[in-house]
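The values are calculated or read from the model by the stated rules, or taken from the named source; none is laboratory data. Everything quoted here is computed from the prediction, not taken from an experiment. Cβ placement follows ideal geometry from the backbone for every residue including glycine, while neighbour counts extend to all protein chains displayed.
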Amino acid sequence: MASTALERAIPEVPRILIISPNEDLRVKVSDRLSSESCFIDHATGGAAALAQVEEFAYAAVYLDRRLSDLNAEEVAALLQRRQPGVRVVFIDSEDPLEPAEFLESDASTNAVEQRVSKALLRADGPTVSRCVASPAGHAAEALPGMFSSHRAMQQVFRMARLVAPRDTTVLITGETGTGKELVANAIHQLSERRNGAFVVVNCAAIPEELLESELFGYARGAFTGATQSRLGRIHASHGGTLFLDEVGDLPLGMQAKLLRFLQHGEVQRLGSPDIFKVDVRVVAATNADLKRHVATKEFRRDLYYRLAVFPIQLPSLAMRRDDVVPLADYFIERLCANAGIPRKSLTSGAAALLQRHSWPGNVRELEHVIERAFILAEDQTDLSGDLFQQSLEESSL
(Lines give C-alpha, C1' and ligand atoms only; values in the text may rest on other atoms or scores of the structure.)
Protein backbone atom coordinates (compact mmCIF):
# COMPACT_ATOMS: atom_id res chain seq x y z
CA MET A 1 0.00 0.00 0.00
CA ALA A 2 1.40 3.39 -0.97
CA SER A 3 2.47 5.62 1.88
CA THR A 4 0.82 8.98 2.48
CA ALA A 5 2.44 12.30 3.27
CA LEU A 6 1.23 11.83 6.86
CA GLU A 7 2.99 8.46 7.11
CA ARG A 8 6.19 9.87 5.63
CA ALA A 9 6.39 12.76 8.10
CA ILE A 10 7.95 12.17 11.51
CA PRO A 11 4.86 11.50 13.65
CA GLU A 12 4.17 13.02 17.03
CA VAL A 13 4.87 9.56 18.47
CA PRO A 14 8.29 8.61 17.04
CA ARG A 15 8.78 5.37 15.14
CA ILE A 16 11.92 3.28 15.68
CA LEU A 17 13.20 0.46 13.46
CA ILE A 18 15.26 -2.43 14.87
CA ILE A 19 17.18 -4.39 12.21
CA SER A 20 18.79 -7.72 13.12
CA PRO A 21 18.56 -11.39 12.10
CA ASN A 22 18.98 -12.13 15.83
CA GLU A 23 15.49 -12.27 17.35
CA ASP A 24 16.83 -12.21 20.93
CA LEU A 25 18.68 -8.97 20.20
CA ARG A 26 15.60 -7.39 18.62
CA VAL A 27 13.51 -8.32 21.65
CA LYS A 28 16.16 -7.00 24.05
CA VAL A 29 16.31 -3.62 22.32
CA SER A 30 12.53 -3.51 21.99
CA ASP A 31 12.13 -4.23 25.72
CA ARG A 32 14.43 -1.32 26.53
CA LEU A 33 12.22 1.01 24.53
CA SER A 34 8.84 -0.42 25.49
CA SER A 35 8.26 2.10 28.29
CA GLU A 36 8.79 5.03 25.92
CA SER A 37 6.09 6.65 23.80
CA CYS A 38 7.18 5.28 20.44
CA PHE A 39 6.22 2.79 17.75
CA ILE A 40 8.71 -0.05 17.28
CA ASP A 41 9.11 -1.95 14.00
CA HIS A 42 11.34 -4.96 13.37
CA ALA A 43 13.23 -6.10 10.26
CA THR A 44 15.27 -9.29 9.99
CA GLY A 45 17.63 -8.00 7.30
CA GLY A 46 18.84 -5.07 5.23
CA ALA A 47 16.56 -5.70 2.24
CA ALA A 48 13.44 -5.82 4.44
CA ALA A 49 14.53 -2.64 6.23
CA LEU A 50 15.07 -0.74 2.98
CA ALA A 51 11.54 -1.69 1.93
CA GLN A 52 10.11 -0.49 5.25
CA VAL A 53 11.71 2.95 5.04
CA GLU A 54 9.75 3.46 1.81
CA GLU A 55 6.54 3.17 3.87
CA PHE A 56 7.35 5.00 7.11
CA ALA A 57 9.56 7.79 8.41
CA TYR A 58 11.80 6.76 11.31
CA ALA A 59 13.27 8.92 14.03
CA ALA A 60 15.93 6.32 14.84
CA VAL A 61 17.21 2.97 13.59
CA TYR A 62 19.05 0.25 15.52
CA LEU A 63 21.18 -1.60 12.96
CA ASP A 64 22.97 -4.90 13.67
CA ARG A 65 26.48 -4.99 12.20
CA ARG A 66 26.04 -8.70 11.51
CA LEU A 67 23.30 -8.77 8.86
CA SER A 68 22.81 -12.00 6.95
CA ASP A 69 21.98 -10.48 3.56
CA LEU A 70 23.74 -7.10 3.12
CA ASN A 71 26.68 -5.10 4.41
CA ALA A 72 25.50 -3.08 7.42
CA GLU A 73 27.54 0.06 6.57
CA GLU A 74 26.09 0.11 3.05
CA VAL A 75 22.57 -0.33 4.44
CA ALA A 76 23.19 2.57 6.85
CA ALA A 77 24.32 4.80 3.99
CA LEU A 78 21.20 3.96 1.98
CA LEU A 79 18.96 4.57 4.99
CA GLN A 80 20.43 8.02 5.48
CA ARG A 81 20.12 8.86 1.79
CA ARG A 82 16.43 7.95 1.83
CA GLN A 83 15.71 9.64 5.16
CA PRO A 84 18.43 12.26 5.79
CA GLY A 85 17.15 13.08 9.29
CA VAL A 86 17.20 9.50 10.60
CA ARG A 87 19.60 8.64 13.42
CA VAL A 88 21.39 5.31 13.00
CA VAL A 89 22.79 3.30 15.91
CA PHE A 90 25.00 0.32 15.16
CA ILE A 91 24.58 -2.64 17.50
CA ASP A 92 26.53 -5.87 17.71
CA SER A 93 24.90 -8.95 19.19
CA GLU A 94 28.24 -10.64 19.87
CA ASP A 95 29.86 -7.80 21.81
CA PRO A 96 29.41 -7.31 25.58
CA LEU A 97 26.54 -5.01 26.51
CA GLU A 98 27.69 -1.51 27.36
CA PRO A 99 25.95 1.86 27.87
CA ALA A 100 24.46 3.10 24.61
CA GLU A 101 25.37 6.35 22.88
CA PHE A 102 22.79 8.13 20.73
CA LEU A 103 24.21 9.48 17.50
CA GLU A 104 23.53 13.18 17.00
CA SER A 105 22.71 14.51 13.54
CA ASP A 106 22.93 18.03 12.16
CA ALA A 107 19.16 18.37 12.37
CA SER A 108 17.76 20.32 15.30
CA THR A 109 16.45 18.24 18.17
CA ASN A 110 12.76 18.75 18.85
CA ALA A 111 10.62 17.35 21.65
CA VAL A 112 9.91 14.15 19.71
CA GLU A 113 13.61 13.49 19.08
CA GLN A 114 14.40 14.22 22.70
CA ARG A 115 12.05 11.44 23.75
CA VAL A 116 13.78 9.07 21.32
CA SER A 117 17.17 10.18 22.64
CA LYS A 118 16.04 9.52 26.20
CA ALA A 119 14.97 6.01 25.21
CA LEU A 120 18.23 5.26 23.47
CA LEU A 121 20.40 6.69 26.24
CA ARG A 122 19.17 4.29 28.86
CA ALA A 123 21.89 2.12 30.33
CA ASP A 124 22.65 -1.55 29.61
CA GLY A 125 22.20 -1.18 25.85
CA PRO A 126 24.17 -2.94 23.13
CA THR A 127 27.50 -1.57 21.93
CA VAL A 128 27.04 1.22 19.38
CA SER A 129 29.24 3.31 17.11
CA ARG A 130 28.87 6.23 14.73
CA CYS A 131 27.39 5.70 11.29
CA VAL A 132 29.41 7.21 8.44
CA ALA A 133 27.34 7.60 5.29
CA SER A 134 28.43 8.32 1.75
CA PRO A 135 27.66 11.81 0.43
CA ALA A 136 23.97 12.05 -0.46
CA GLY A 137 24.66 13.36 -3.94
CA HIS A 138 27.12 10.63 -4.92
CA ALA A 139 26.10 8.99 -8.19
CA ALA A 140 25.99 5.22 -8.27
CA GLU A 141 28.20 3.41 -10.76
CA ALA A 142 26.05 2.17 -13.63
CA LEU A 143 25.57 -1.52 -14.28
CA PRO A 144 27.31 -3.14 -17.27
CA GLY A 145 25.42 -2.28 -20.45
CA MET A 146 23.23 0.32 -18.74
CA PHE A 147 23.34 4.03 -17.92
CA SER A 148 21.00 6.59 -16.41
CA SER A 149 21.13 9.77 -14.38
CA HIS A 150 17.59 9.32 -13.04
CA ARG A 151 17.26 8.93 -9.28
CA ALA A 152 15.18 5.73 -9.47
CA MET A 153 17.69 4.07 -11.79
CA GLN A 154 20.58 5.22 -9.61
CA GLN A 155 18.86 3.35 -6.79
CA VAL A 156 18.57 0.26 -9.01
CA PHE A 157 22.31 0.43 -9.70
CA ARG A 158 23.12 0.75 -5.99
CA MET A 159 20.83 -2.09 -4.95
CA ALA A 160 22.10 -4.42 -7.69
CA ARG A 161 25.73 -3.75 -6.78
CA LEU A 162 24.96 -4.31 -3.10
CA VAL A 163 23.37 -7.70 -3.63
CA ALA A 164 25.51 -8.98 -6.52
CA PRO A 165 28.43 -10.39 -4.43
CA ARG A 166 26.04 -12.46 -2.30
CA ASP A 167 23.92 -15.52 -3.10
CA THR A 168 20.71 -13.78 -2.03
CA THR A 169 17.68 -14.52 -4.22
CA VAL A 170 16.60 -11.41 -6.15
CA LEU A 171 13.18 -10.50 -7.56
CA ILE A 172 13.26 -7.84 -10.29
CA THR A 173 9.93 -6.21 -11.10
CA GLY A 174 8.93 -3.68 -13.72
CA GLU A 175 7.03 -3.20 -16.95
CA THR A 176 7.91 -5.12 -20.09
CA GLY A 177 10.92 -3.59 -21.84
CA THR A 178 12.45 -1.84 -18.82
CA GLY A 179 15.61 -3.97 -18.82
CA LYS A 180 14.98 -6.66 -16.20
CA GLU A 181 17.19 -9.22 -17.96
CA LEU A 182 20.00 -6.65 -18.28
CA VAL A 183 19.89 -6.11 -14.51
CA ALA A 184 19.82 -9.85 -13.85
CA ASN A 185 22.81 -10.42 -16.15
CA ALA A 186 24.68 -7.54 -14.50
CA ILE A 187 24.11 -9.08 -11.06
CA HIS A 188 25.57 -12.33 -12.40
CA GLN A 189 28.56 -10.60 -14.00
CA LEU A 190 29.32 -8.70 -10.79
CA SER A 191 29.10 -11.83 -8.62
CA GLU A 192 31.60 -14.54 -7.74
CA ARG A 193 29.63 -16.76 -10.13
CA ARG A 194 30.58 -14.73 -13.21
CA ASN A 195 32.58 -17.65 -14.65
CA GLY A 196 29.60 -19.95 -14.29
CA ALA A 197 26.59 -20.20 -16.59
CA PHE A 198 23.85 -17.57 -16.79
CA VAL A 199 20.86 -19.69 -17.75
CA VAL A 200 17.66 -17.95 -18.87
CA VAL A 201 14.24 -19.59 -18.58
CA ASN A 202 11.24 -17.68 -19.95
CA CYS A 203 8.43 -19.17 -17.89
CA ALA A 204 5.80 -17.67 -20.19
CA ALA A 205 7.29 -19.10 -23.40
CA ILE A 206 7.49 -22.80 -22.45
CA PRO A 207 4.26 -24.85 -22.62
CA GLU A 208 3.08 -26.04 -19.20
CA GLU A 209 3.41 -29.74 -20.14
CA LEU A 210 7.09 -29.23 -21.03
CA LEU A 211 8.07 -26.86 -18.24
CA GLU A 212 8.92 -29.47 -15.61
CA SER A 213 11.19 -31.43 -17.94
CA GLU A 214 12.86 -28.20 -19.09
CA LEU A 215 13.58 -27.08 -15.53
CA PHE A 216 14.36 -30.41 -13.85
CA GLY A 217 15.41 -32.63 -16.75
CA TYR A 218 14.37 -36.22 -17.38
CA ALA A 219 15.74 -39.76 -17.42
CA ARG A 220 15.73 -42.02 -20.45
CA GLY A 221 12.33 -43.64 -20.86
CA ALA A 222 10.57 -41.14 -18.58
CA PHE A 223 7.99 -40.52 -21.31
CA THR A 224 7.38 -41.33 -24.95
CA GLY A 225 10.22 -39.88 -27.00
CA ALA A 226 12.70 -39.67 -24.09
CA THR A 227 15.33 -41.79 -25.81
CA GLN A 228 18.18 -40.39 -23.70
CA SER A 229 18.57 -38.66 -20.35
CA ARG A 230 18.82 -34.89 -20.23
CA LEU A 231 19.81 -32.39 -17.58
CA GLY A 232 17.34 -29.62 -16.84
CA ARG A 233 17.99 -25.87 -16.87
CA ILE A 234 18.38 -25.81 -13.07
CA HIS A 235 21.10 -28.47 -13.18
CA ALA A 236 22.78 -26.65 -16.08
CA SER A 237 22.98 -23.55 -13.82
CA HIS A 238 25.15 -25.35 -11.22
CA GLY A 239 27.85 -22.94 -10.08
CA GLY A 240 26.14 -20.07 -11.85
CA THR A 241 22.87 -18.13 -11.98
CA LEU A 242 19.38 -19.23 -13.01
CA PHE A 243 17.28 -16.35 -14.36
CA LEU A 244 13.55 -17.09 -14.21
CA ASP A 245 11.95 -14.51 -16.48
CA GLU A 246 8.18 -13.89 -16.25
CA VAL A 247 8.04 -16.04 -13.10
CA GLY A 248 4.53 -14.74 -12.46
CA ASP A 249 3.30 -16.96 -15.32
CA LEU A 250 4.36 -20.21 -13.62
CA PRO A 251 1.41 -22.63 -13.22
CA LEU A 252 0.54 -23.45 -9.60
CA GLY A 253 1.77 -27.04 -9.91
CA MET A 254 5.21 -25.85 -11.02
CA GLN A 255 5.24 -23.23 -8.29
CA ALA A 256 5.17 -26.02 -5.68
CA LYS A 257 8.07 -27.84 -7.36
CA LEU A 258 10.11 -24.65 -7.67
CA LEU A 259 9.49 -23.88 -4.01
CA ARG A 260 10.86 -27.27 -3.01
CA PHE A 261 14.00 -26.64 -5.05
CA LEU A 262 14.49 -23.22 -3.44
CA GLN A 263 14.04 -24.72 0.03
CA HIS A 264 16.40 -27.67 -0.36
CA GLY A 265 18.65 -26.90 -3.33
CA GLU A 266 17.88 -30.30 -4.82
CA VAL A 267 16.60 -31.47 -8.21
CA GLN A 268 15.08 -34.76 -9.26
CA ARG A 269 14.76 -35.57 -12.93
CA LEU A 270 11.49 -36.90 -14.31
CA GLY A 271 11.50 -40.71 -14.29
CA SER A 272 14.54 -40.99 -12.00
CA PRO A 273 14.80 -41.76 -8.27
CA ASP A 274 18.13 -39.94 -8.04
CA ILE A 275 18.29 -36.58 -6.26
CA PHE A 276 21.08 -34.13 -7.06
CA LYS A 277 22.31 -31.31 -4.85
CA VAL A 278 22.98 -28.19 -6.91
CA ASP A 279 24.61 -24.84 -6.17
CA VAL A 280 22.49 -22.26 -8.00
CA ARG A 281 21.80 -18.57 -7.41
CA VAL A 282 18.25 -17.62 -8.48
CA VAL A 283 17.24 -14.27 -9.93
CA ALA A 284 13.59 -13.95 -10.95
CA ALA A 285 11.72 -11.26 -12.86
CA THR A 286 8.12 -10.39 -13.62
CA ASN A 287 5.98 -7.60 -15.02
CA ALA A 288 3.04 -8.88 -12.98
CA ASP A 289 1.82 -7.59 -9.62
CA LEU A 290 2.76 -10.68 -7.63
CA LYS A 291 1.27 -9.32 -4.39
CA ARG A 292 -2.10 -9.06 -6.13
CA HIS A 293 -1.66 -12.57 -7.55
CA VAL A 294 -0.93 -13.83 -4.05
CA ALA A 295 -4.12 -12.17 -2.80
CA THR A 296 -6.15 -13.85 -5.57
CA LYS A 297 -4.37 -17.20 -4.90
CA GLU A 298 -2.86 -17.27 -8.40
CA PHE A 299 0.63 -17.25 -6.89
CA ARG A 300 1.82 -19.07 -3.78
CA ARG A 301 2.52 -16.80 -0.83
CA ASP A 302 5.41 -18.97 0.41
CA LEU A 303 7.04 -18.93 -3.04
CA TYR A 304 6.65 -15.16 -3.26
CA TYR A 305 8.57 -14.69 -0.03
CA ARG A 306 11.25 -17.15 -1.18
CA LEU A 307 11.75 -15.16 -4.39
CA ALA A 308 11.38 -11.63 -2.99
CA VAL A 309 14.23 -11.83 -0.50
CA PHE A 310 15.77 -8.81 -2.22
CA PRO A 311 13.29 -6.95 -4.46
CA ILE A 312 14.43 -4.45 -7.11
CA GLN A 313 11.82 -2.30 -8.89
CA LEU A 314 12.65 -0.87 -12.32
CA PRO A 315 10.98 2.42 -13.30
CA SER A 316 9.24 2.83 -16.64
CA LEU A 317 10.85 4.97 -19.34
CA ALA A 318 7.94 7.42 -18.98
CA MET A 319 9.17 8.07 -15.43
CA ARG A 320 12.70 8.90 -16.63
CA ARG A 321 12.18 11.07 -19.69
CA ASP A 322 15.56 12.76 -19.29
CA ASP A 323 17.10 9.42 -20.30
CA VAL A 324 15.21 9.19 -23.61
CA VAL A 325 17.55 11.28 -25.79
CA PRO A 326 20.82 9.92 -24.29
CA LEU A 327 19.50 6.37 -24.81
CA ALA A 328 18.48 7.22 -28.38
CA ASP A 329 21.96 8.63 -29.06
CA TYR A 330 23.50 5.46 -27.63
CA PHE A 331 21.40 3.21 -29.90
CA ILE A 332 22.21 5.37 -32.94
CA GLU A 333 25.93 5.27 -32.19
CA ARG A 334 25.82 1.47 -31.80
CA LEU A 335 23.93 1.02 -35.08
CA CYS A 336 26.41 3.23 -36.92
CA ALA A 337 29.38 1.36 -35.45
CA ASN A 338 27.89 -2.01 -36.40
CA ALA A 339 27.21 -0.76 -39.93
CA GLY A 340 30.67 0.81 -40.23
CA ILE A 341 29.29 4.20 -41.27
CA PRO A 342 29.80 7.79 -40.00
CA ARG A 343 27.87 8.93 -36.96
CA LYS A 344 24.24 9.99 -37.46
CA SER A 345 22.46 12.44 -35.15
CA LEU A 346 18.96 13.35 -34.01
CA THR A 347 17.58 16.69 -35.10
CA SER A 348 16.22 18.93 -32.35
CA GLY A 349 12.69 18.27 -33.63
CA ALA A 350 13.19 14.50 -33.48
CA ALA A 351 14.60 14.75 -29.94
CA ALA A 352 11.57 16.78 -28.81
CA LEU A 353 9.22 14.25 -30.45
CA LEU A 354 10.88 11.33 -28.68
CA GLN A 355 10.70 13.08 -25.32
CA ARG A 356 6.98 13.75 -25.70
CA HIS A 357 6.12 10.13 -26.46
CA SER A 358 4.65 8.01 -23.63
CA TRP A 359 6.79 4.89 -24.39
CA PRO A 360 4.38 2.12 -23.40
CA GLY A 361 7.00 -0.40 -24.55
CA ASN A 362 9.75 1.30 -22.54
CA VAL A 363 13.44 1.05 -23.53
CA ARG A 364 12.82 -1.91 -25.84
CA GLU A 365 10.28 0.15 -27.81
CA LEU A 366 12.73 3.06 -28.03
CA GLU A 367 15.45 0.76 -29.35
CA HIS A 368 13.15 -0.62 -32.06
CA VAL A 369 11.91 2.85 -33.06
CA ILE A 370 15.50 4.07 -33.40
CA GLU A 371 16.48 1.05 -35.51
CA ARG A 372 13.53 1.57 -37.89
CA ALA A 373 14.35 5.26 -38.32
CA PHE A 374 18.00 4.40 -38.85
CA ILE A 375 17.07 2.07 -41.73
CA LEU A 376 14.64 4.57 -43.28
CA ALA A 377 17.26 7.33 -43.14
CA GLU A 378 19.44 5.56 -45.72
CA ASP A 379 22.29 8.02 -46.41
CA GLN A 380 20.91 10.91 -44.36
CA THR A 381 23.20 12.01 -41.55
CA ASP A 382 20.41 13.71 -39.57
CA LEU A 383 17.48 11.67 -38.22
CA SER A 384 14.49 13.99 -38.45
CA GLY A 385 11.11 13.72 -36.77
CA ASP A 386 9.28 12.41 -39.83
CA LEU A 387 11.38 9.23 -39.71
CA PHE A 388 9.92 8.43 -36.27
CA GLN A 389 6.34 9.64 -36.74
CA GLN A 390 4.79 6.47 -38.13
CA SER A 391 6.47 4.17 -35.61
CA LEU A 392 5.36 6.32 -32.71
CA GLU A 393 1.78 6.51 -34.00
CA GLU A 394 1.63 2.72 -34.40
CA SER A 395 2.98 2.09 -30.89
CA SER A 396 0.33 4.42 -29.44
CA LEU A 397 -2.58 2.37 -30.84
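Descriptive notes on the structure:
- Subset of segment 60-77 [buried (at least 21 other Cβ atoms within 10 Å of the Cβ) and out of contact with any Ser or Thr (no Cβ under 9 Å at 6 or more places or on another chain)]: 61, 75, 76
- Scan of segment 241-254 for residues that are surrounded by fewer than 17 Cβ atoms within 10 Å (Cβ to Cβ) and not aliphatic (A, V, I, L, M), ordered by number: 251, 253
- Condition met for residue 196 (surrounded by 17 or more Cβ atoms within 10 Å (Cβ to Cβ), out of contact with any Leu (no Cβ under 8 Å at 6 or more places or on another chain), among the small types (Gly, Ala, Ser) and at pLDDT 85 or above): yes
- Only residues that are part of a helix (DSSP H, G or I) and either within 21 Å of residue 239 (Cα to Cα) or not small (Gly, Ala, Ser) (or both) were counted across segment 250-262, and they come to 9.
- Of all residues making up segment 330-349, the number that are in a helix (DSSP H, G or I) and closer than 9 Å to residue 383 by Cα: 0
- Residue 161 being closer than 27 Å to residue 318 by Cα and free of Cβ contacts under 8 Å to residues at least 40 places away in the same chain: yes
- Test: residue in segment 248-270 that is of a type in the set (Val, Ile, Thr), touching a helix residue (DSSP H, G or I) at 6+ places or on another chain (Cβ under 9 Å) and at pLDDT 90 or above: no
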